[in-house]
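Below is one structure, written out as structure tokens, with a few remarks after it.
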Amino acid sequence: MGPGDMIIPNLQGSSLLRPHPAKGGFRKCAPEWTALTLLLLSGVLFLGAETNFGKDHTPTTRTITGVVTDDADNTLQGATIELTDVQTGKVLDIYSQADGKYLFADLRFDHDYTVKAMYKGSSSEVRRISILETRWTLVLNLTVPQPKK
């Protein structure tokens with residue numbers, strides 16, 4: 001045998017050939033098994049890739065939420081909650097819901113923010129959220145003192 005000559009194994013004793021009872025000879029099983037194996041492997045790989053696709057659920061934005069109450073711990077509906085982006089100076093105002101809750105979503109991790117609540121001429125303390133804060137969701141409950149009469 002010279003270089004480049006192909007060696008063909010004897011398939012008679014191989015597991016790739018099986019006796020075919022009806023025809024009295026041998027039939028090749030390799031193409032059928034190869035196709036089935038490839039189909040199963042591709043399904044497993046696809047499902048594995050699909051389930052691992054979203055494994056890294058690290059949020060790219062943060063959320064600030066909380067409840068606005070008065071000194072007597074009553075929830076305040078309609079209080080103005082003011083969020084200021086310290087880097088840009090942009091101010092967002094929203095109103096608290098019937099249960100006093102508020103929510104700011106899609107906030108950047110690389111920006112500092114301040115939050116305060118205002119109701120009937122009174123204001124809560126100003127709370128600061130730093131870029132050093134690594135939590136995805138911050139709960140900041142705000143207390144607005146009752147106006148002095």
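Read-outs: derived from the displayed coordinates by stated rules, not from any lab. All of these numbers come straight from a predicted model, not from anything done at the bench. Using ideal geometry, Cβ is built from the backbone for each residue, glycine included, and neighbour counts are taken over all protein chains shown.
Farthest toward the positive end of the dipole of segment 69-149, out of THR80, TRP136, LEU92, is the Cα of THR80, where the dipole comes from beta carbon charges about the Cα centre.
By count of other Cβ within 10 Å, fewest leading, how are THR58, THR84, THR63 ordered?
Numbers: THR58 6, THR84 18, THR63 15.
Placing the least packed residue first, the sequence is THR58, THR63, THR84.
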